[in-house]
Amino acid sequence: MEFRHLRYFIAVAEELHFGRAAARLHLSQPPLSQQIRTLEEELGLKLFSRNRRRVELTHAGSVFLVEAKRILFQMEHAAKAARRAERGQIGPLVVACGPLAVDTVLPPILKTFRAKFPEVDLVLKESTTHGILEALQEKQADVGLLMPHFNSEALQRQTCLTIPMVAALPASHPLARRRRIRLSELADEPFVLFSPRQAPEFHEHALGLCARAGFTPKIVQEAGQHPSMLALVSAGYGVALVPELDSSATRAEVAFVRLRESWAHMQLGVAWRSSASPVLASFLEVVRSGCRAISLKRRWPRVSKRRR
């Protein structure tokens with residue numbers, strides 16, 4: 001039995017007239033009649049009772065009609081689903097992300113992706129850079145949003161956003177009213193840094209920036225997340241280095257001052273295994289366009305070119 005036999009049978013069953021059914025199918029009547037006889041012979045039963053005046057469904061034919069329509073509907077549904085999957089519109093997607101993505105671009109990216117691809121089954125996993133790379137390599141995640149400073153022959157990567165760093169200062173700090181400062185001006189200040197256990201990439205990056213500015217920060221407090229870090233700054237425990245997106249936080253007790261050093265920034269990128277699915281390709285395009293929009297809106301530096 002072939003699917004065309006079902007379509008032929010349904011046309012005759014709905015028209016109850018071989019001539020009209022043949023015209024609907026763009027066939028001549030004799031081949032259609034032959035196809036129906038072939039179907040009946042294969043099933044070993046009569047689907048229609050025929051005479052010169054009328055064509056009627058048998059009881060078996062009526063039951064077969066219900067099932068035939070269900071089968072064709074499922075086939076058409078499967079074909080549509082396959083086409084949507086090929087276009088990256090449906091399917092599973094596991095996204096692993098680091099704290100930089102969570103605290104900056106992830107919310108608008110997820111909102112846009114959800115609006116464009118509501119049928120994608122997206123699962124979000126938060127982790128460190130090391131954890132994201134491990135999840136990608138072990139196929140426990142499809143894509144990672146992270147700081148793109150790693151070496152791996154098995155993974156593709158692309159830098160999507162360069163985010164300037166700013167100094168977060170207590171509002172009463174002498175430097176709080178300045179538009180820009182040099183990072184070295186904070187050399188003697190107590191620092192609030194991210195915990196090396198909870199956010200190792202942030203911790204190491206801040207230490208690296210301070211070292212490049214010629215000093216080692218005096219760490220007095222550590223925090224696991226941005227809100228707790230800004231709470232410590234607002235309370236006067238020390239100063240901090242945060243991505244500029246954090247300057248949108250509404251804290252009257254915290255001043256965000258830009259740094260003069262052009263190299264004082266963080267980079268956000270995406271990483272994925274070499275074999276990208278259509279769903280992943282759709283997500284990557286949303287990430288790229290979302291990061292471009294944020295960069296243009298804030299007039300940040302252009303990102304580096306794609307690399308492996």
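Any idea which residue in segment 46-73 is nearest to HIS5 (Cα to Cα), counting only those that are touching a Ser or Thr at 6+ places or on another chain (Cβ under 7 Å) and open to solvent by less than 100 Å² (accessible area, probe 1.4 Å)?
Result: LEU47.
For every residue, the table says whether it meets (1) out of contact with any Asp or Glu (no Cβ under 8 Å at 6 or more places or on another chain); (2) open to solvent by 60 Å² or more (accessible area, probe 1.4 Å); (3) of a type in the set (D, E, K, R).
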{"site": "LEU169", "(1), (2), (3)": "yes, no, no"}
{"site": "GLU185", "(1), (2), (3)": "yes, yes, yes"}
{"site": "PHE191", "(1), (2), (3)": "yes, no, no"}
{"site": "GLY224", "(1), (2), (3)": "yes, no, no"}
{"site": "LEU230", "(1), (2), (3)": "no, no, no"}
{"site": "SER234", "(1), (2), (3)": "no, no, no"}
{"site": "GLU261", "(1), (2), (3)": "yes, no, yes"}
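With in contact (Cβ under 8 Å) with a residue 12 or more places away in the chain and assigned to a helix (DSSP H, G or I) as the only criterion, which of ARG7, ARG20, ARG37 stands out?
Exactly one residue qualifies, and that residue is ARG7.
Which residue is nearest to ALA264 (Cα to Cα), if the candidates are limited to segment 206-226 and must be part of a helix (DSSP H, G or I) and touching a helix residue (DSSP H, G or I) at 6+ places or on another chain (Cβ under 9 Å)?
The extreme case among them is LEU209.
Need the failing condition index for ARG114 against (1) within 30 Å of PRO148 (Cβ to Cβ); (2) at pLDDT below 90; (3) open to solvent by 50 Å² or more (accessible area, probe 1.4 Å); (4) in contact with a strand residue (DSSP E or B) (Cβ under 9 Å, 6 or more places away or on another chain), just the number.
Result: ARG114 fails condition (2) only.
Of all residues in segment 288-307 being surrounded by 14 or more Cβ atoms within 10 Å (Cβ to Cβ) and not in a helix (DSSP H, G or I), which is modelled with the lowest pLDDT?
Ranking the candidates gives VAL303 first.
The values are calculated or read from the model by the stated rules, or taken from the named source; none is laboratory data. Not measured: the values here are computed from a predicted model. All Cβ positions, glycine included, derive from the backbone under ideal geometry; neighbour counts span all protein chains shown. All accessible areas refer to the heavy atoms of the entire protein, side chains included, with ligands and DNA or RNA removed. Shrake-Rupley method; radii C 1.70, N 1.55, O 1.52, S 1.80 Å.
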